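Just below is one structure, and these are the notes that go with it.
The values are calculated or read from the model by the stated rules, or taken from the named source; none is laboratory data. Only a predicted model underlies this, so the values are computations on that prediction, with no experimental measurement involved. Every residue, glycine as well, gets a Cβ built from its backbone with ideal geometry; the counts of neighbours run over all protein chains shown.
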Amino acid sequence: MRMGGRYRVGALTAVLVIAGCGSESGADSGRMTVTYRDATSAEAIQGRALMENAHLLEEVADDVNAALKLPADIALVGDQCGMANASWNSTERVVKICYELADLNLRLFEEDRDQRAHPGDDETDPAQAAVNATIGTFFHELGHAVISLYDLPITGREEDVADQLAAYAILEPQDLLSQFPNAVGMAEDYALMFKLWAGHRGGESRTDFAAAHSLDQTRMFNLKCWIYGSDPAAHADLVEDGRLPPERAAGCPEEYQRLSRAWYTLLAPHLK
């Protein structure tokens, strides 16, 4: 049984100090600011309420401001978009989390809870799971933002790299970007979100295979691989109960270590 603990970001415990990276010139004095825009549709109203009640945007923005030396101000905006989406706009320097995304996540996690027939499943909190999944989406968009802001070199599709940053931000052992009381539960909720999205969308079309994002099921298995790879002994149940195929699991520890080392190296010059 997996339970998603209450999300509350604590003070960062980052201890890395990068010599010679001060910002006396003010070049790294940017901040992430938070705005909740108006909601009028039923979906947007529910999504905004979920995000505001969890102080979702404020908490993740506090983490970013405490951890990263931003070269410019970034707006973190909750908004009614007319669709379930999230985005990074490099021209306007805006990370947008659509209220409809939070609402969709809530409805899908509620449906998933209601369809489960195993003892103890009623202890799963769909609202908390939806918050956790939406936080994962924020860190995915933060991946796009830091790639753009710091002109980071990457190999592979940017959407896949942004998924790696989301996993690293949640699971990182050194708490460089964030600190979660139940990081694994949060990562599992984020992974489950992609499975639920896949079921909601139905079968894949030709355009899905050609899209910049990997297929939802692929993203789910990638996240499960990284969860397992971050601590194989602690997460052996992912393989034992069939949630992660053993053929993939065999390479996950090395895969996660490479991911973790790469993101640590890329972000190190930009940490406070």
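A few comments on the model shown:
- The set of residues in the stretch 149-187 that are in a helix (DSSP H, G or I), free of Cβ contacts under 8 Å to residues at least 24 places away in the same chain and over 22 Å from Arg31 (Cα atoms) comprises Val161, Ala183.
- Considering only residues in the stretch 54-81 that are part of a strand (DSSP E or B), within 15 Å of His144 (Cα to Cα) and within 17 Å of the chain's Cα centre (by Cα), the one that is modelled with the lowest pLDDT turns out to be Leu68.
- Residue-level check: of (1) within 22 Å of His213 (Cβ to Cβ); (2) at pLDDT 95 or above, Thr40 misses just (1).
- Complete set of residues in the stretch 161-203 that are acidic (Asp, Glu) and out of contact with any Ser or Thr (no Cβ under 6 Å at 6 or more places or on another chain): Asp163, Glu172, Glu188, Asp189
- Just one of the listed residues (Ala49, Ala117, Ala84, Ala14) is assigned to a loop (DSSP other than H, G, I, E, B), at pLDDT 95 or above and surrounded by fewer than 21 Cβ atoms within 10 Å (Cβ to Cβ), namely Ala84.
- Count - residues of the stretch 219-258 that are more than 18 Å from Phe139 (Cβ to Cβ) and outside any loop (DSSP other than H, G, I, E, B): 16
- Flag if Glu204 is at pLDDT below 90, within 18 Å of Glu141 (Cβ to Cβ) and acidic (Asp, Glu): no
- Tabulated pairs, the stretch 51-75, first touching a residue at least 40 places away in the same chain (Cβ under 8 Å) and under 19 Å from Ala130 (Cβ atoms), second among the aromatic types (Phe, Trp, Tyr) and part of a strand (DSSP E or B), C-beta under 8 angstrom, 6+ apart or interchain: Met51/Tyr36; Leu57/Tyr36
- Looking across the stretch 149-173, the residues that are acidic (Asp, Glu) and either within 9 Å of the chain's Cα centre (by Cα) or under 12 Å from Asn222 (Cα atoms) (or both) come down to Asp160, Asp163.
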